[in-house]
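Structure record follows, encoded as structure tokens.
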Amino acid sequence: MSAYLVGGMVRDLLLGRKNLDMDITVEGDGMTFARHLADQHGAGLKIFDRFATAFLVFPDGFKLDVATARRESYARPTALPTVKPSSIKDDLYRRDFTINALAICLNASRFGELVDSYGGQRDLERKVIRVLHDRSFEDDPTRVFRAIRFEQRFGFHIEEHTLTLLKAAAASDLVRRLSGPRLRNEVMRLLSEQSATRTIRRLAEFDLLRFLHTDLSLTPQLAGLLVGVGKSLAWWTKRFPRRPVDRALVYFMGILDGLSASGTDAVAKRLALPGEQANKLRLVKEHLAPALRSLARRRTAKPSETYRALVNLPNEGLVLLIAKARSKGIARLVSTYLTTHQLVKPSLDGTDLKALGLKPGPVYKKILDRLLEARLNGEAKTKADERELAKKLAKG
Ligand code: ATP
Ligand code: MG
């Protein structure tokens with residue numbers, strides 16, 4: 001069998017860019033090849049029969065995808081393709097752009113030989129994104145988003161004819177037919193790019209934001225906010241390197257900033273967002289505006305007030321809040337909240353309240369909340385202070 005390194009890693013090797021996602025395509029039976037490879041190296045192996053692809057994890061953690069070289073045909077636009085084993089040349093033909101349709105042979109006798117059937121190397125040199133054939137975007141409209149991703153990441157330009165095809169695809173209803181997970185995956189990958197602000201601008205230029213929600217467009221207000229998000233993310237990453245945030249989700253929240261709560265829910269549903277992300281969106285929609293108002297109103301907020309304003313926001317919401325506030329003072333409040341307020345807890349818990357002879361019930365939560373406030377504001381400094389206060393609160 002012949003085995004080839006394919007796709008993004010070949011492109012990035014030629015560009016001199018780091019890439020650790022290794023894809024191997026095998027002419028013949030990729031699954032047999034994968035089993036042998038896994039046996040020889042004691043690697044974990046998972047085989048997806050339907051697509052003739054395998055996933056290997058080596059003992060040192062290195063990961064590898066193996067596929068059988070294949071030809072694809074699309075029964076109808078946007079449907080998942082039917083697959084037949086074939087040559088490397090056919091396999092490269094089903095790829096999105098010429099720069100991603102390069103392979104390097106790994107067999108000893110041909111080791112290092114570049115397979116470039118569609119002019120990928122020339123396009124890399126000319127910095128061009130080009131589809132392999134005219135039906136490409138119809139076969140798979142995710143390529144509309146992928147074109148923007150590579151254009152912006154590498155500073156390439158979309159070749160003229162490809163651009164005409166892309167515009168036609170973007171103006172049509174093709175993207176609407178994509179499943180939620182496929183659309184979400186491409187959008188989030190776009191927003192994970194270092195150049196997210198520019199990629200969003202590009203999405204808007206092709207009027208693609210409408211596929212998230214018909215009310216969305218790039219207003220001057222949104223453009224300003226996105227610049228703020230970039231700065232806020234940079235600040236956060238420097239200030240809190242060990243509190244990672246989902247960068248793509250922050251940009252996403254920014255894009256949806258002008259939408260109503262029901263609009264936001266509709267977007268979450270359209271993209272079939274995982275529960276955790278959908279939940280964060282909902283929290284931000286509900287709590288960000290009141291938090292901002294509350295912080296802006298009080299120049300000398302009590303710690304407990306800052307705490308209450310921010311406690312319901314996920315970290316991504318805090319980053320967005322700072323971007324929207326455009327105020328050093330509020331960034332400072334958020335900092336203090338994260339480094340001190342968030343760590344404060346009352347010393348007493350339910351068991352202690354019981355030991356004090358207080359009757360269990362909903363009142364416990366009220367008392368504990370009030371104890372936390374007292375701690376935050378320095379009104380209670382010791383456990384004894386808290387006991388006193390708890391007794392007073394219980395009496396009413
Ligand atoms: P990145 O560096 O962002 O991961 P990549 O080129 O590796 O870019 P992947 O999505 O990881 O992109 O896909 C790996 C390869 O699979 C691509 O280089 C391309 O050859 C092929 N490919 C991926 N998605 C598509 C698609 N929608 N249509 C055609 N070919 C695709
Ligand atoms: Mg990749």
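The values are calculated or read from the model by the stated rules, or taken from the named source; none is laboratory data. This structure is a prediction, so every number in the text was calculated from the model and none was measured. Because the Cβ atoms are built from the backbone with ideal geometry, glycine has one as well, and the counts that use them run over all protein chains shown. Ligands, DNA and RNA are excluded from the accessible area calculation, which covers all protein heavy atoms including side chains. Shrake-Rupley method; radii C 1.70, N 1.55, O 1.52, S 1.80 Å.
Among the residues of segment 32-58, which ones are of a type outside the set (Gly, Ala, Ser) and touching a helix residue (DSSP H, G or I) at 6+ places or on another chain (Cβ under 7 Å)? Can you show your working first?
To start, the set of residues in segment 32-58 that are of a type outside the set (Gly, Ala, Ser) comprises 32-33, 35-37, 39-41, 45-51, 53, 55-58.
If the condition is that a residue be of a type outside the set (Gly, Ala, Ser) and touching a helix residue (DSSP H, G or I) at 6+ places or on another chain (Cβ under 7 Å), then LEU45, ILE47, LEU56, PHE58 are the ones that fit.
Considering only segment 13-39, state which residues are hydroxyl-bearing (Ser, Thr, Tyr) and within 14 Å of ligand 1 (Cβ to nearest atom). Steps first, please.
Narrowing segment 13-39 to residues hydroxyl-bearing (Ser, Thr, Tyr): 25, 32.
If the condition is that a residue be hydroxyl-bearing (Ser, Thr, Tyr) and within 14 Å of ligand 1 (Cβ to nearest atom), then THR25 is the only one that fits.
Any chance you could count how many residues in segment 18-35 are touching a residue at least 40 places away in the same chain (Cβ under 8 Å) and open to solvent by less than 10 Å² (accessible area, probe 1.4 Å)?
Number satisfying all stated conditions: 2.
Could you check segment 18-51 and list, in sequence order, the residues that are among the charged types (D, E, K, R) and more than 13 Å from ligand 2 (Cβ to nearest atom)?
Filtering segment 18-51 down to residues among the charged types (D, E, K, R) leaves 18, 21, 23, 27, 29, 35, 39, 46, 49-50.
Correct list: GLU27, ASP29, ARG35, ASP39, LYS46, ASP49, ARG50.
With respect to PHE137, is the statement that it is away from ligand 2 (no atom under 16 Å from the Cβ), farther than 11 Å from ARG11 by Cβ and more than 32 Å from the chain's Cα centre (by Cα) true? Before the answer, list the steps.
Values: away from ligand 2 (no atom under 16 Å from the Cβ): yes; farther than 11 Å from ARG11 by Cβ: yes; more than 32 Å from the chain's Cα centre (by Cα): no.
Here the answer is no, as PHE137 does not meet what is asked.
Please go through segment 97-114 and give me each residue that is under 29 Å from ASP134 (Cβ atoms) and in a helix (DSSP H, G or I), ordered by number.
Within segment 97-114, THR98, ILE99, ASN100 meet the criteria.
Could you tell me whether segment 81-97 includes any residue that is surrounded by 17 or more Cβ atoms within 10 Å (Cβ to Cβ), more than 16 Å from ligand 2 (Cβ to nearest atom) and either small (Gly, Ala, Ser) or at positive phi (or both)?
No: zero hits.
Hand me the list of helices (runs of 4 or more DSSP H) wholly inside segment 289-396 holding 3 or more residues that are among the hydroxyl-bearing types (Ser, Thr, Tyr).
Values: elements: 303-310, 315-325, 328-339, 350-355, 363-376, 383-395.
By residue number, 303-310, 328-339.
Give segment 130-140 a look and list any residue that's in a helix (DSSP H, G or I) and either touching a strand residue (DSSP E or B) at 6+ places or on another chain (Cβ under 9 Å) or aromatic (Phe, Trp, Tyr) (or both), or say none.
Of everything in segment 130-140, those that are in a helix (DSSP H, G or I) and either touching a strand residue (DSSP E or B) at 6+ places or on another chain (Cβ under 9 Å) or aromatic (Phe, Trp, Tyr) (or both) turn out to be SER136, PHE137, ASP139.
With ARG332, ARG293, ARG326 as the choices, which residue is surrounded by fewer than 17 Cβ atoms within 10 Å (Cβ to Cβ), in contact (Cβ under 8 Å) with a residue 40 or more places away in the chain and not hydrophobic (A, V, I, L, M, F, W, C)?
Numbers: ARG332 fails: in contact (Cβ under 8 Å) with a residue 40 or more places away in the chain; ARG293 fails: in contact (Cβ under 8 Å) with a residue 40 or more places away in the chain.
Checking each option against the conditions leaves just ARG326.
Would you mention how many residues in segment 23-46 are more than 21 Å from SER87 (Cβ to Cβ) and modelled with pLDDT under 95?
The total comes to 0.
Would you please name the residue that is nearest to TRP235 (Cα to Cα), looking only at residues in segment 297-324 that are in contact with a helix residue (DSSP H, G or I) (Cβ under 6 Å, 6 or more places away or on another chain) and small (Gly, Ala, Ser)?
ALA323
Looking only at segment 351-364, decide whether some residue is of a type outside the set (A, V, I, L, M), more than 24 Å from ASP246 (Cβ to Cβ), open to solvent by 40 Å² or more (accessible area, probe 1.4 Å) and under 29 Å from the mean Cα position of the chain (by Cα).
We begin by selecting, within segment 351-364, every residue of a type outside the set (A, V, I, L, M); these are 351-352, 354, 357, 359-362, 364.
Next, only the ones that are more than 24 Å from ASP246 (Cβ to Cβ) stay: 351-352, 354, 357, 359-362, 364.
If we keep only those that are open to solvent by 40 Å² or more (accessible area, probe 1.4 Å) as well, we get 351-352, 354, 357, 359-360, 362.
With under 29 Å from the mean Cα position of the chain (by Cα) added as a condition, the list becomes none.
There is no residue in segment 351-364 that is of a type outside the set (A, V, I, L, M), more than 24 Å from ASP246 (Cβ to Cβ), open to solvent by 40 Å² or more (accessible area, probe 1.4 Å) and under 29 Å from the mean Cα position of the chain (by Cα).
Would you confirm, using the coordinates I've provided, whether LEU174 is open to solvent by 10 Å² or more (accessible area, probe 1.4 Å), touching a Pro at 6+ places or on another chain (Cβ under 8 Å) and among the hydrophobic types (A, V, I, L, M, F, W, C)? I'd like the intermediate steps shown before the answer.
Details: open to solvent by 10 Å² or more (accessible area, probe 1.4 Å): yes; touching a Pro at 6+ places or on another chain (Cβ under 8 Å): yes; among the hydrophobic types (A, V, I, L, M, F, W, C): yes.
Answer is yes for this residue.
Give me the residue from segment 115-125 that is in a helix (DSSP H, G or I) and over 15 Å from HIS161 (Cα atoms) and, out of that set, least open to solvent (accessible area, probe 1.4 Å). Quick ask: steps written out before the conclusion?
Taking segment 115-125 and keeping what is in a helix (DSSP H, G or I), we get 120-125.
This time we only want the ones that are over 15 Å from HIS161 (Cα atoms), so: 120-122, 124-125.
Working: GLY120: 0, GLN121: 72, ARG122: 98, LEU124: 17, GLU125: 140 Å².
Per the criteria, the residue is GLY120.
Residues VAL250, VAL245, VAL284: which one is out of contact with any Pro (no Cβ under 6 Å at 6 or more places or on another chain), of a type in the set (Val, Ile, Thr) and without any contact (Cβ under 8 Å) to a residue 40 or more places away in the chain?
On the way: VAL250 fails: without any contact (Cβ under 8 Å) to a residue 40 or more places away in the chain; VAL245 fails: without any contact (Cβ under 8 Å) to a residue 40 or more places away in the chain.
Step by step, each of VAL250, VAL245, VAL284 is checked, and only VAL284 is out of contact with any Pro (no Cβ under 6 Å at 6 or more places or on another chain), of a type in the set (Val, Ile, Thr) and without any contact (Cβ under 8 Å) to a residue 40 or more places away in the chain.
Answer with yes or no whether ASP139 is among the acidic types (Asp, Glu), over 20 Å from ASP23 (Cα atoms) and touching a Pro at 6+ places or on another chain (Cβ under 7 Å). Let's see the steps before the verdict.
Values: among the acidic types (Asp, Glu): yes; over 20 Å from ASP23 (Cα atoms): yes; touching a Pro at 6+ places or on another chain (Cβ under 7 Å): yes.
Taking the combined requirement at face value, the residue satisfies it.
Pull out all pairs, ordered by first then second residue, where Cβ-Cβ is under 6 Å, the residues are six or more apart or on different chains, the first lies in segment 48-65 and is at pLDDT 95 or above and aromatic (Phe, Trp, Tyr), and the second is part of a loop (DSSP other than H, G, I, E, B) and surrounded by 13 or more Cβ atoms within 10 Å (Cβ to Cβ).
Final answer for the pair search is PHE58/ALA43.
If we keep just the residues of segment 1-12 that are modelled with pLDDT of 95 or more and within 12 Å of ligand 1 (Cβ to nearest atom), which is farthest from ALA67 (Cα to Cα)? Write out each step before concluding.
From segment 1-12, those modelled with pLDDT of 95 or more are 2-6, 8-12; that's our starting set.
Right, trim to within 12 Å of ligand 1 (Cβ to nearest atom) and you get 4-6, 8-12.
Working: TYR4: 10, LEU5: 11, VAL6: 10, GLY8: 14, MET9: 15, VAL10: 16, ARG11: 18, ASP12: 20 Å.
If we take residues in segment 1-12 being modelled with pLDDT of 95 or more and within 12 Å of ligand 1 (Cβ to nearest atom), then ASP12 is farthest from ALA67 (Cα to Cα).
Could you give every pair whose Cβ atoms fall below 8 Å, whose first residue belongs to segment 141-168 and is assigned to a helix (DSSP H, G or I), and whose second residue is more than 10 Å from ligand 1 (Cβ to nearest atom) and polar (S, T, N, Q), counting only separations of at least 6 or pairs across chains?
ALA147/THR162; ILE148/THR199; ARG149/THR199; GLN152/SER195; GLN152/THR199; ARG153/GLN194; ARG153/SER195
Any residue that is more than 13 Å from ligand 2 (Cβ to nearest atom), open to solvent by less than 70 Å² (accessible area, probe 1.4 Å) and more than 22 Å from ARG95 (Cα to Cα) - is there at least one of those in segment 2-17?
No, every residue in segment 2-17 fails to be more than 13 Å from ligand 2 (Cβ to nearest atom), open to solvent by less than 70 Å² (accessible area, probe 1.4 Å) and more than 22 Å from ARG95 (Cα to Cα).
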